Amino acid sequence: MSTRYVETLGDIRPEWMIDLLADGTPERHFKLLFWDGKKPQVEHTLALTWPGGSEQRVFRPGKVDPTITRAIHFPTHVAPYGTTRELFESLFGVIKRFSGLAETEVRLVSYAVLASWVVEFTSPTLFISPRVTSWRSQLSRPKLPANGDRTDPAH
């Protein structure tokens, strides 16, 4: 069986996913979180036998630019979790408490937040305007004019 080494910042397959976890050191190194839908596994390197059994892939955390590690707070461990519904209701409660939005708008914002966590599959954009406007102008994709500059569709 051949071995292939792969540097990764994360990978999603139908059967599993790999994500980065910070190791909590000042040097800001990373570990890998492997999730197969049953039990999380955290390793510095992760060896998986590829379908067909002819190749083993050894995943290692990819290099992350220091400006990114200073700007983004990466998780350091796997936390207990509940259902997606429980997560949604928790988000809903926090947004409702601190936003002052109506319940319908809070629900839309909660969905947008959840969608932003799976950006590999969606690309939501949320505009929140201080003036009273329709929800359509607050929650929409930005329009790209011919020159490629993004503009706020609320203007």
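Segment 2-71: D in µm²/s via Stokes-Einstein (Kirkwood Rh, Cα pairs, 4 °C, 1.567 mPa s)? Before the final figure, lay out the partial values.
Numbers: Rh = 12.9 Å.
It diffuses with D of about 100 µm²/s by this estimate.
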Report summary line: In whole angstrom, the spacing between the Cα centers of segment 50-111 and segment 1-24 equals 17
Requested in this report: Using only the Cα atoms, work out Rg/Rh for segment 32-105, with Rh taken as the Kirkwood radius, to two decimals.
Outcome: 1.14
Report summary line: Nearest-0.05 FRET efficiency for Arg4 and Ile68 at R0 = 35 Å, using Cβ-Cβ distance, is 0.85
Report task. Rounding to the nearest 20 debye, state how big the charge dipole of segment 1-104 is about its Cα centre with +1 on each Lys and Arg Cβ and -1 on each Asp and Glu Cβ. Result -> 80
Requested in this report: Taking the Cβ of Thr76 as the centre, find all other residues whose Cβ is under 9 Å away and add up their charges (Lys, Arg: +1; Asp, Glu: -1).
Outcome: 0
Query raised in the report: Points 7 angstrom from Cα along the Cβ direction at Glu89 and Arg57: gap in nanometres?
Result: 3.8
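All of the numbers you see were taken from the coordinates with simple rules; none came from a lab. Bear in mind that the values here come from a model prediction, so they are computed numbers and not experimental data. Neighbour counts run over all protein chains shown; Cβ positions are idealised from the backbone, glycine included.
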